[in-house]
Amino acid sequence: MTYNHTQKGRLRGFILLALILLFAFILLSTGFEPMAFATMLLVVIIVISFTTLNVTIDENYFRIKFGYGIFRKKFLLDEIISTKTVKNHWYYGWGIRLWLWPKMWILNVSGFDAVEIKMKNNKIYRIGTDEQKELERAISESANLKIAEF
């Protein structure tokens, strides 16, 4: 089974627009400083890289890509042992996070819905999505897992 979906982080889009407007105002009112411009450009590039989260599944891999691809992760489907839909707490935040209790990696751009996957090496990953059931089904079918109904 193949699967491809891109989730847009709406809040990050507004933050990006506000940052660009703020930086333009600062540069126009204080004069063009190359170091300040370079710093502002770096901040904008970092924010852009976390505005979308693309999830794809092909015959062998489950792949995650933030923005234009600086931050990416891929999982062998054969290494996935379980998957389930979950709701993240608000304090887990957005972006790429290592949460220590319970120990897991969280990768998301918007909202609280996620799919949790557990690997053979006991690592846990939570991938944020606005297509929770569809993503769980796609991972389960591709990795030949049974979906647990609660």
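The values are calculated or read from the model by the stated rules, or taken from the named source; none is laboratory data. Bear in mind that the values here come from a model prediction, so they are computed numbers and not experimental data. Every residue, glycine as well, gets a Cβ built from its backbone with ideal geometry; the counts of neighbours run over all protein chains shown.
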Counting only residues in segment 113-146 that are assigned to a loop (DSSP other than H, G, I, E, B) and surrounded by 14 or more Cβ atoms within 10 Å (Cβ to Cβ), the one farthest from the chain's Cα centre (by Cα) is identified as LEU145
SER110 passes all but one of the listed conditions (1) surrounded by fewer than 14 Cβ atoms within 10 Å (Cβ to Cβ); (2) part of a loop (DSSP other than H, G, I, E, B); (3) among the polar types (S, T, N, Q); the exception is number (1)
When (1) in contact with a Leu (Cβ under 9 Å, 6 or more places away or on another chain); (2) in contact (Cβ under 8 Å) with a residue 24 or more places away in the chain are applied to ALA138, the one that fails is (1)
Of the residues in segment 38-65 that are hydrophobic (A, V, I, L, M, F, W, C) and at pLDDT 95 or above, the one that is nearest to the chain's Cα centre (by Cα) is LEU53
Residue hits (segment 102-111; within 12 Å of the chain's Cα centre (by Cα) and either at pLDDT 95 or above or of a type in the set (S, T, N, Q) (or both)) are TRP105, ILE106, LEU107, ASN108, SER110
Listed by first then second residue, the pairs whose first member lies in segment 65-84 and is under 15 Å from LEU135 (Cα atoms) and in contact (Cβ under 8 Å) with a residue 60 or more places away in the chain, whose partner is crowded, with 16+ Cβ neighbours inside 10 Å and of a type in the set (Asp, Glu), with beta carbons under 9 Å and at least 6 positions apart or on separate chains, are SER82/GLU116; THR83/GLU116; THR83/GLU136; LYS84/GLU116; LYS84/GLU136
If you go through THR83, THR30, THR52, THR56, the only one that is of a type in the set (Ser, Thr, Tyr) and either over 24 Å from ILE124 (Cβ atoms) or loosely packed, with under 13 Cβ neighbours inside 10 Å (or both) is THR30
Among (1) assigned to a helix (DSSP H, G or I); (2) more than 18 Å from the chain's Cα centre (by Cα), SER82 falls short only on (1)
